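The values are calculated or read from the model by the stated rules, or taken from the named source; none is laboratory data. In this text the structure is predicted, and so the values were computed from the model without any measurement. Backbone-built Cβ (ideal geometry, glycine too); neighbour counts: all protein chains shown. Areas reflect the complete protein model, heavy atoms only, side chains present, ligands, DNA and RNA absent. Shrake-Rupley method; radii C 1.70, N 1.55, O 1.52, S 1.80 Å.
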Amino acid sequence: DARVTQTPRHKVTEMGQEVTMRCQPILGHNTVFWYRQTMMQGLELLAYFRNRAPLDDSGMPKDRFSAEMPDATLATLKIQPSEPRDSAVYFCASERGGSRGDTQYFGPGTRLTVL
Amino acid sequence: QKEVEQNSGPLSVPEGAIASLNCTYSDRGSQSFFWYRQYSGKSPELIMFIYSNGDKEDGRFTAQLNKASQYVSLLIRDSQPSDSATYLCAVNEYGNKLVFGAGTILRVKS
């Protein structure tokens, strides 16, 4: 059963520390999304890639967040330096890509707490 | 102004009843519409998608789309306690980028 995997599942860190979250999309999916979910803001798109190229990162604070896809099997989201307001659940999702009804499959998420 | 609007709820229905969840969107150019279910502490999972006006049925679920009114709904027949979750409406505005509503909390009481 193909799934999106994310690591770590939970992360507690102190303000100012670097945080790296990783995502392995479903094999064969060419589009990868990063979302952040909080009670106040709901589910927000941070960035997404197609065929490893960044298509849109307008939802991401550029000064501290960065997203990359070093290869087709790995996407990373980094926060440096982290702040308490970054505390949220970060989801990665992947999609096969190419048609209107394509489904985004979500990973289990990384719950980040910044103290 | 939020682009995808949902009533936050909670919507409470008795077991066996029909639950009706509603969503409105602002971009008339929207192409595809999705309903995701999210259990507490879990990730969103797709229930249905629709892109043509009218109804689309899948088991106990029916999605309804009215592009003229910019309105999409999800009906859940014979609601079960296991249907209790947050239901997220998502709209594909261009490309593959989805915009999510804030979600409606559904509680099915046995």
Over region A:1-97, what percent of the accessible surface lies on carbon and sulfur atoms, probe 1.4 Å? 49
Could you sort A:68-76, A:26-34 so that the peptide with the highest average Cβ count within 10 Å comes first and the rest follow in order? A:26-34, A:68-76
For a test of the definition: using alpha carbon positions, the gyration tensor, and the 1.5 limit on a/c, classify chain A as rounded, prolate or oblate. prolate
Can you return the lysines within cross-link range of B:Lys97? Criterion is Cα-Cα under 16 Å, with same-chain partners fewer than 8 residues away left out. B:Lys2
